[in-house]
Each structure stands twice: as C-alpha cells, then as structure tokens.
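Report on the following structure.
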Amino acid sequence: MDKKELESSHDYEKSADILNATEDGFWYNHALPTYNPNWLKYLPGTTKISELSIPGTHGSIARHGKTVFDEDFVRNQRMTISTQLEAGIRYLDIRARRTGSSFAMHHAAVHQKLMFGDVLNQIQDFLRTNPSETVLMRLKEEHDPEPGSQSFEDIFKRYKNDYGNLFWTYTSSNPTLDAVRGKIVLLQDFSSSLDYGIRYSSLTIQDQYDVKGSTPDAMYGKWTAVKRHLTAADNSNRSQIYLNYLSGTGGGEAIIKGTYPWFVASGYRSRSDDSGTSMIQEGRTDKWPDFPRGDYGQVFYGGMNILTAEFILKLNLSHVGIVATDFPGRALINNVIKLNNRLSIGDVTS
C-alpha cells in the first residue's frame with residue numbers, strides 16, 4: 001500500500017503522534033473534526049472484530065434537548081450520523097422508541113427528530129460510498145412505547161426486510177472483516193426469538209456512567225474505570241470484544257455541580273472547545289494523580305476524552321477495543337484508529 005495515498009485521505013496519520021494534539025480529544029461542534037472515511041480498507045479481511053480498535057459514540061443520535069434549558073442534560077453529540085462515520089466512527093449506540101410499527105429515535109423521553117429509517121439511510125449511503133467499511137450498531141429500546149405498538153422484534157424485522165442486505169446475517173459472535181464489509185453488524189440489546197446479530201451482553205463492557213457525589217472523586221472514579229478497561233483490553237488475547245464507555249453524567253446533580261455529559265468528556269469550564277480546563281484546587285496534592293497539573297501545582301479536571309487520548313500514547317497501548325464517548329474530537333478518534341496500524345497491509349507508519 002502506498003503511504004502517500006493513505007495520508008492524502010486519512011487524518012489519523014497526520015496528527016496522532018503529536019502529544020499536544022490530545023487537547024482536541026473533545027469536539028463540541030457539528031462540523032467534521034477529522035476525516036477517516038475508509039480506514040478499514042487497509043486492514044486484512046481475515047481480521048476479527050475483536051482484534052480491532054474502534055472509535056465510537058455513546059447516545060449517537062442524542063443531539064437535541066426538548067428545549068434549550070435541558071439540552072445540557074440530553075445532548076451527547078453534535079455531529080450527525082453521516083459526519084460521525086466520515087470522521088472514522090464505526091460504533092453507534094442507537095436508542096429506539098416503539099411508535100406503532102416504527103422506531104422513533106429517542107434519548108429518554110426526548111424525541112431526536114429522526115426515525116430509524118433516517119439513521120439507516122445515512123448509514124446505507126455511507127457504506128455504498130465506502131464498501132470497505134462496516135458499522136457496529138447497538139440497538140436498544142428507549143422510553144415507553146406508544147399504546148398499541150408492535151413488539152420490538154417485529155418492528156426490527158420489518159426494517160431488516162425493507163433494507164435488504166444492509167444488515168449482516170448472523171453467523172458468528174466474532175466475524176471477520178471480509179464477512180461484514182459494507183454492512184451493519186447489529187449488537188442486539190433487545191430480547192427476541194432469534195439472533196439477528198451479536199448479543200450485546202456477550203461483550204466485555206465498562207459503563208460506569210454515574211458521576212455523582214464529590215465531583216473530583218466521582219470524575220476520578222470514572223477515569224479509573226475507563227483506564228482499567230483500556231488496560232484490560234490491551235492485555236487481552238484479542239478473542240473477546242471489549243467496549244469502553246467514556247461517557248458519564250451527574251444526573252440531576254449536574255444543575256449544581258456542572259457534571260453534564262460535555263463536562264465529563266472534557267473537564268472544561270464551559271462546553272466551548274477552547275474554554276480551558278476547570279480547576280479543582282490551587283494547592284498541591286497527591287490525590288487524583290492522573291489529572292493535569294499547573295506550573296505551580298494547581299490541579300485541574302481531566303476530561304475522559306482528553307485523558308484517554310493521552311493515555312493511549314503515553315502507555316504505548318496496542319489495542320483498546322471499542323471506545324465510545326460523547327463529543328469525540330480529532331485526537332481521540334485518530335489515536336484509536338492508529339492502533340490498527342499493527343494489523344495493516346503493508347507499512348503505513350514509517
């Protein structure tokens with residue numbers, strides 16, 4: 001493979017080695033943060049899903065609050081599905097409410113101005129343009145169904161039939177890339193009489209989303225869970241699919257403590273990309289050792305996206321599994337993708 005060809009079409013080769021680039025592991029913007037439309041193209045078809053390091057999103061369609069007053073609680077993403085995929089995201093977390101014979105996209109009670117068909121159309125268009133790629137999709141029921149709605153399984157079967165070969169036909173709990181290129185791999189998080197994809201419960205998952213209580217300790221507890229799972233994936237024999245959620249929220253406490261999803265992801269003073277990191281205290285302390293320090297010992301919050309992007313480089317990790325988060329930025333996406341260079345056809349890093 002020609003490395004120049006790779007560099008001309010993928011951003012991860014251009015920035016992932018720069019440690020300072022980890023500052024943009026967080027991206028609160030609807031625009032494209034990085035461009036990696038077909039990075040799976042360069043990996044051998046015999047590669048198993050469990051061998052891949054995959055950037056993903058949590059609450060992939062949760063872009064809207066019911067009003068401007070609740071959007072900090074409800075919003076997990078700014079980018080559309082199409083933009084996420086072009087950036088290199090290959091894991092989507094999709095929540096569906098039953099509405100008669102259809103799925104409406106929801107985050108809790110808040111409709112996200114999309115139906116499931118809208119999501120599938122975006123994925124289908126992307127895969128037609130980039131047939132080397134695959135999209136792993138968790139599908140989960142969200143909120144109470146409309147009265148008289150069909151069963152979740154029956155509604156899903158209708159979509160599956162309507163979209164023909166878009167969904168991979170389940171044959172293995174750990175398929176190869178060649179088996180799933182150009183298709184959606186369902187990570188099935190709903191009960192059914194048949195297996196339509198890989199059972200979500202079969203994955204090794206970290207999802208410590210509750211960031212309540214003393215804010216520095218709760219944030220560091222979340223980071224500890226993330227870090228342990230990153231290390232466990234790296235130390236594994238690559239036969240099991242690991243899924244690591246960087247996302248979290250303080251729930252109702254966020255009104256007072258500011259532990260909204262964007263804060264957990266960034267550690268910033270505001271949701272603006274350039275607002276700067278929020279300070280915990282001015283004095284020196286041995287507590288929270290992985291959180292960033294100032295020149296005079298000040299302690300700042302570490303956002304999960306930024307800490308993870310740095311941890312991948314500093315610890316020289318070789319495998320992380322699926323890393324799913326809110327508001328992923330360029331450095332986080334690129335640093336995860338670059339871990340797959342060890343699997344690549346030809347030398348893409350020299």
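In the set Lys113, Lys140, Lys183, only one residue is modelled with pLDDT of 95 or more, crowded, with 16+ Cβ neighbours inside 10 Å and of a type in the set (Lys, Arg); that residue is Lys183. Scanning the stretch 134-150 for residues that are touching a helix residue (DSSP H, G or I) at 6+ places or on another chain (Cβ under 6 Å) and in a strand (DSSP E or B) turns up Val135, Arg138, Glu141.
Consider the stretch 2-41 and keep the residues that are assigned to a helix (DSSP H, G or I) and at pLDDT 95 or above. The one that is surrounded by the most Cβ atoms within 10 Å (Cβ to Cβ) is Trp39.
The listed residues are Tyr196, Tyr200, and the only one of them that is surrounded by fewer than 23 Cβ atoms within 10 Å (Cβ to Cβ), among the aromatic types (Phe, Trp, Tyr), at pLDDT 95 or above and in contact with an Asp or Glu (Cβ under 6 Å, 6 or more places away or on another chain) turns out to be Tyr200. With respect to Ile256, determine if the residue is at pLDDT 95 or above, farther than 27 Å from Ser53 by Cβ and not in a loop (DSSP other than H, G, I, E, B). For Ile256, the condition - at pLDDT 95 or above, farther than 27 Å from Ser53 by Cβ and not in a loop (DSSP other than H, G, I, E, B) - is not met. Restricting Glu86, Glu51 to those that are touching a helix residue (DSSP H, G or I) at 6+ places or on another chain (Cβ under 7 Å), modelled with pLDDT of 95 or more and surrounded by fewer than 24 Cβ atoms within 10 Å (Cβ to Cβ) reduces the list to Glu51.
Look at Asn237 and say whether it is among the polar types (S, T, N, Q), touching a strand residue (DSSP E or B) at 6+ places or on another chain (Cβ under 7 Å) and under 22 Å from Leu136 (Cβ atoms). Considered against the rule, which asks whether it is among the polar types (S, T, N, Q), touching a strand residue (DSSP E or B) at 6+ places or on another chain (Cβ under 7 Å) and under 22 Å from Leu136 (Cβ atoms), Asn237 comes out as no.
Between Asp118, Asp72, the distinction of being more than 30 Å from Asn237 (Cα to Cα), touching a Gly at 6+ places or on another chain (Cβ under 9 Å) and surrounded by fewer than 22 Cβ atoms within 10 Å (Cβ to Cβ) belongs to Asp72 only. Within the stretch 221-230, the presence of a residue that is farther than 20 Å from Leu120 by Cβ, among the hydroxyl-bearing types (Ser, Thr, Tyr) and not in a helix (DSSP H, G or I) is excluded. The residue of the stretch 302-350 that is surrounded by the most Cβ atoms within 10 Å (Cβ to Cβ), among those that are modelled with pLDDT of 95 or more and of a type in the set (Ser, Thr, Tyr), is Thr325. Scanning the stretch 159-178 for residues being free of Cβ contacts under 8 Å to residues at least 12 places away in the same chain, more than 23 Å from Ser102 (Cα to Cα) and assigned to a helix (DSSP H, G or I) gives a total of 0.
Taking the listed residues Trp262, Trp288, the one that is touching a helix residue (DSSP H, G or I) at 6+ places or on another chain (Cβ under 9 Å), surrounded by 19 or more Cβ atoms within 10 Å (Cβ to Cβ), under 30 Å from Met137 (Cα atoms) and touching a residue at least 60 places away in the same chain (Cβ under 8 Å) is Trp262, with no other qualifying.
Look through the stretch 54-76, keep the residues that are of a type in the set (Val, Ile, Thr) and at pLDDT 95 or above, and return whichever of them is nearest to Asn340 (Cα to Cα). Taking the candidates together, the pick is Ile54.
For the stretch 268-280, filtering for residues that are in contact (Cβ under 8 Å) with a residue 60 or more places away in the chain and touching a Gly at 6+ places or on another chain (Cβ under 9 Å) leaves 2.
Filtering the stretch 225-255 down to residues that are under 18 Å from the mean Cα position of the chain (by Cα) and either of a type in the set (Ser, Thr, Tyr) or more than 28 Å from Ile198 (Cβ to Cβ) (or both), which residue is surrounded by the fewest Cβ atoms within 10 Å (Cβ to Cβ)? Filtering the stretch 225-255 for residues that are under 18 Å from the mean Cα position of the chain (by Cα) and either of a type in the set (Ser, Thr, Tyr) or more than 28 Å from Ile198 (Cβ to Cβ) (or both), the one surrounded by the fewest Cβ atoms within 10 Å (Cβ to Cβ) comes out as Thr231. Against the test of being hydrophobic (A, V, I, L, M, F, W, C), closer than 30 Å to Ser239 by Cβ and either in contact with a helix residue (DSSP H, G or I) (Cβ under 6 Å, 6 or more places away or on another chain) or not in a helix (DSSP H, G or I) (or both), the options Phe156, Phe103, Phe126 yield a single qualifying residue, Phe126. Suppose the filter is surrounded by fewer than 22 Cβ atoms within 10 Å (Cβ to Cβ) and not β-branched (Val, Ile, Thr); does Phe103 pass it? Considered against the rule, which asks whether it is surrounded by fewer than 22 Cβ atoms within 10 Å (Cβ to Cβ) and not β-branched (Val, Ile, Thr), Phe103 comes out as no.
The values are calculated or read from the model by the stated rules, or taken from the named source; none is laboratory data. Note that this is a predicted model, so its numbers are computed, not measured. No Cβ is skipped: glycine too gets one built from the backbone with ideal geometry, and neighbour counts run over all protein chains shown.
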